[in-house]
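The values are calculated or read from the model by the stated rules, or taken from the named source; none is laboratory data. Predicted model only: the values in this text are computed from it and were never measured. Virtual Cβ from ideal backbone geometry, glycine too; neighbours counted across all protein chains shown. Note: accessible area is taken over every heavy atom of the protein model, side chains too, but ligands, DNA and RNA are not part of it. Shrake-Rupley method; radii C 1.70, N 1.55, O 1.52, S 1.80 Å.
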Amino acid sequence: MPETSGKSGALSYSVASNPVYYEKGALHVLFAGASQTLPGHALGPKLYDYYLLHYVEKGAGTFRTELHTYDLSAGDCFLIQPGQLVSYQSHARHPWQYRWMAFTGSQAAKHIEEAGFRPEKSVFHAGPSCGISDWLSVMQTAFAERKESSHFTSLGTLYMILAEAQNHLSQGQTLIPGESSIRRTVKQMIQYMSTQYAYPVSIEQMSASLGYNRAYLSRIFKQETGLSPVTYLLKLRIDKSRQLLRERPDLSIEQVSASVGLPDALYFSKQFKRFHGEAPSLYRENILNRSLHQATRQVPPNQR
């Protein structure tokens, strides 16, 4: 769909499609557009086979689904889901001006649900001063320029819009229904350590990042895992070092140590032996010898 302008029912209308063709994928923006509608202009009832999100910049209108009717104005967003019978109509005296985008993909439904959208919850108020209008404008302009990089631009702006939606739709909700706040916090701690172990991070830094007191985090972490955060982080680093020792024989012990966030090679060797009963150099040597032995056994006797 190339960029076009002028359409029945609109004072102004423009749309630009993604120059990158959709050939199945996790997430893909199809097109983005903008319109200043005429008074009373209506669309539907109709179905779409992709997700279609609108942001109202000015004016007012009505959005109807099979479950609800919403009277909307500037700063409101409404999402049409695939296969959902909908209609929407501009106000008779204050016709709305809005921007929109269409997207699809195998992960689209998952992202929509994570953002907080439900068939019975298709609208949120972001406010006229939010960034959604600008993000949609950037997306449409990028498509109009016909650059392949606009595909990544559109994905970036789509994620920003979904994040804005989640801020409004998921207030007061837990990330997983029925999950306790303690268990969710411990999962956040584990994720933090799993992504930051290669850096010289401390438990104090993690506590500050998550916004909790260290003593509280240490207590709930041990309650859930049986280990203190310090021990868990050290064990995680040692486990990662074992993987490097097996898979990267070209790395020195010092390089392996630094790669898992333990720049002191002597301390690393001491802790490695504490967890696995042998020095990292001996562990690597034994691994290589076993691999060589197995390879030799697989060679027929007459070819040795």
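One table, with the values for the structure above:
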read-out	value
Residue 240 accessible area, 1.4 Å probe, all protein chains in place, Å² to nearest 10	70
Amide H within-cut-off set for residue 30, under 5 Å, with H built and near neighbours excluded	102, 103, 104
Cα-based equivalent ellipsoid, the range 106-221: semi-axes from gyration tensor eigenvalues, Å	33, 20, 13
Zero-based 10 Å bins, Cα pair distances in the chain, whole percents	6, 20, 21, 16, 16, 12, 7, 3, 0, 0
Of the trypsin sites (Lys or Arg not before Pro) in the range 45-124, those whose Cβ has at most 11 other Cβ within 10 Å and which sit in DSSP loop	93
Probe 1.4 Å, accessible area per residue of the chain, Å²	55
Accessible-area order (highest first, 1.4 angstrom probe) of the listed residues 224, 285	285, 224
Sites residue 181 and residue 289 - FRET efficiency at Förster radius 45 Å, r taken between beta-carbons, to 0.05	0.35
Cα pair distances in the range 7-114, grouped into 5 Å bins until the bin that holds the longest one, percent each	3, 12, 21, 24, 20, 12, 7, 2, 0
Percent accessible area from carbon and sulfur atoms, the chain, protein chains only, probe 1.4 Å	52
Solvent-accessible surface ranking, highest first, for 135, 96 at 1.4 angstrom	135, 96
Under 16 Å, Cα to Cα: Lys pairs in the chain, sequence gap 8 or more or different chains	8
Net +/- balance of residues flanking residue 128 in space, Cβ distance below 14 Å, scoring K and R +1, D and E -1	-2
Backbone HN-Hα couplings from phi across the range 205-220 [Karplus 6.51/-1.76/1.60, Hz, Gly and Pro as x]	5, 5, 4, 5, 5, 8, x, 10, 6, 4, 4, 5, 4, 4, 5, 6
